[in-house]
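The structure appears right after this line, and notes come after that.
The values are calculated or read from the model by the stated rules, or taken from the named source; none is laboratory data. Remember, it's a predicted structure, so these values are computed and weren't measured experimentally. Glycine also receives a Cβ, built like all others from the backbone with ideal geometry; neighbour counts cover every protein chain displayed.
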Ligand code: PCA
């Protein structure tokens, strides 16, 4: 009886200690605000919440991330700077939007280089090292990246070639899409996805390139009638941390966040692929015509793409070439 009593006592005090430890670690929990640019119901944002839950779990409650989707905390165009300058410790950004500042970041919008999820993943494996170094120079640490579905064109009429695109006001989301617009005789206007519905409603733009996801999220069937599938590229969003914040964490916490990031990145890519055709079905169900781009239009896009790839290699030199070589060697 006495032995049992002692054991029981020990067990009770061990439990009490464990509770005290948990309470202490929760009291010391760091709260991180995580701005994201796309709507709350978009899969990237949903995966941001999954990531936050995993981080909370794997760090034993030490890091408590609150996701702010839809550009509600910082607009898309402001998120990278907010993380770089430490206004927030973590956030998500559509990285090729910054290829004007660092051309290497445009690795994922080279037309027709990687036109499937599988190839896009292999291209990321080839690009990851140099791109992470580039971001480190910008005071950023990449945690995970996640591809959008393939990119195609939205118009308010049938389009078979550049004869049909002259003078169209075209929403671009980075330098590459502005270049394509100009090559097709259109007038690019850079607009974040969060402002796209309004820009279409007010006639600021009347066409754009994107995935089925953004057309669905922004209900663009209210303004546009045609979607042309091209799968020209699969651009990625990145979840990143401020470098000083990251380096200030202890090893266990960093490993726990890395585990959460690796799992979430893989789950997010799988979700993107799973949803790609579903988005097209939704566009069709809402009255849009969804078809493959016609041969003449496609041939023009391919010629534009070749020139863009050559220009990118000129801008990025050996680093860009090394990414393409590594990618092609693995093919
Ligand atoms: N949607 C985002 C980026 C790529 C995509 O499919 C957008 O249009 O802003």
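Annotations
- Only one of the numbered conditions (1) surrounded by 20 or more Cβ atoms within 10 Å (Cβ to Cβ); (2) more than 15 Å from the ligand (Cβ to nearest atom); (3) free of Cβ contacts under 8 Å to residues at least 60 places away in the same chain is violated by residue 144, and that is (3).
For (1) within 16 Å of the ligand (Cβ to nearest atom); (2) in a loop (DSSP other than H, G, I, E, B); (3) touching a residue at least 24 places away in the same chain (Cβ under 8 Å); (4) in contact with a strand residue (DSSP E or B) (Cβ under 7 Å, 6 or more places away or on another chain), each residue gets a yes or a no:
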residue	(1), (2), (3), (4)
153	yes, no, yes, yes
185	no, yes, no, no
209	yes, no, yes, yes
221	yes, no, yes, no
224	yes, yes, yes, yes
227	yes, no, yes, yes
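- Single unsatisfied condition, residue 80 versus (1) within 16 Å of the ligand (Cβ to nearest atom); (2) surrounded by fewer than 22 Cβ atoms within 10 Å (Cβ to Cβ); (3) in a helix (DSSP H, G or I): (2)
- Residue match in the range 124-137 (condition: buried (at least 19 other Cβ atoms within 10 Å of the Cβ) and within 16 Å of the ligand (Cβ to nearest atom)): yes
- When residue 208 is tested against (1) surrounded by fewer than 22 Cβ atoms within 10 Å (Cβ to Cβ); (2) more than 14 Å from the chain's Cα centre (by Cα), just one condition goes unmet, and that condition is (1).
- Boolean, residue 233 is within 22 Å of residue 91 (Cα to Cα), crowded, with 23+ Cβ neighbours inside 10 Å and within 16 Å of the ligand (Cβ to nearest atom): no
- Considering only residues in the range 62-71 that are away from the ligand (no atom under 16 Å from the Cβ) and either part of a loop (DSSP other than H, G, I, E, B) or in contact (Cβ under 8 Å) with a residue 40 or more places away in the chain (or both), the one that is farthest from residue 35 (Cα to Cα) turns out to be 62.
- Residue in the range 4-24 that is assigned to a loop (DSSP other than H, G, I, E, B) and at pLDDT below 95 present: no
- Restricting attention to the range 155-181, the residues that are part of a helix (DSSP H, G or I) and either surrounded by 21 or more Cβ atoms within 10 Å (Cβ to Cβ) or in contact (Cβ under 8 Å) with a residue 60 or more places away in the chain (or both) total 7.
- Members of the range 236-266 found to be without any contact (Cβ under 8 Å) to a residue 40 or more places away in the chain and either within 16 Å of the ligand (Cβ to nearest atom) or under 19 Å from the mean Cα position of the chain (by Cα) (or both), listed by number: 266
- The one condition from (1) more than 15 Å from the ligand (Cβ to nearest atom); (2) more than 24 Å from residue 86 (Cβ to Cβ); (3) within 16 Å of the chain's Cα centre (by Cα) that residue 174 does not meet is (1).
- Qualifying residue in the range 236-256 (condition: modelled with pLDDT of 95 or more, crowded, with 18+ Cβ neighbours inside 10 Å, closer than 19 Å to residue 208 by Cα and touching a strand residue (DSSP E or B) at 6+ places or on another chain (Cβ under 8 Å)): yes
- Some residue of the range 33-41 being modelled with pLDDT of 95 or more, closer than 20 Å to residue 241 by Cα and surrounded by fewer than 19 Cβ atoms within 10 Å (Cβ to Cβ): yes
- Residue list for the range 187-197, filter: over 18 Å from the mean Cα position of the chain (by Cα) and within 14 Å of the ligand (Cβ to nearest atom): 188, 189, 197
Here is a yes/no grid of residues against (1) part of a helix (DSSP H, G or I); (2) within 29 Å of residue 162 (Cα to Cα):
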{"position": "265", "(1), (2)": "yes, no"}
{"position": "275", "(1), (2)": "yes, no"}
{"position": "281", "(1), (2)": "yes, yes"}
{"position": "287", "(1), (2)": "no, yes"}
{"position": "300", "(1), (2)": "yes, yes"}
{"position": "307", "(1), (2)": "yes, yes"}
{"position": "317", "(1), (2)": "yes, no"}
{"position": "320", "(1), (2)": "yes, no"}
{"position": "326", "(1), (2)": "yes, no"}
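- Number of positions in the range 294-312 that are over 20 Å from residue 228 (Cα atoms) and either crowded, with 18+ Cβ neighbours inside 10 Å or at pLDDT below 95 (or both): 2
- Among the residues of the range 83-106, those identified as closer than 17 Å to residue 315 by Cα and away from the ligand (no atom under 15 Å from the Cβ) are 100, 101, 102, 103, 104.
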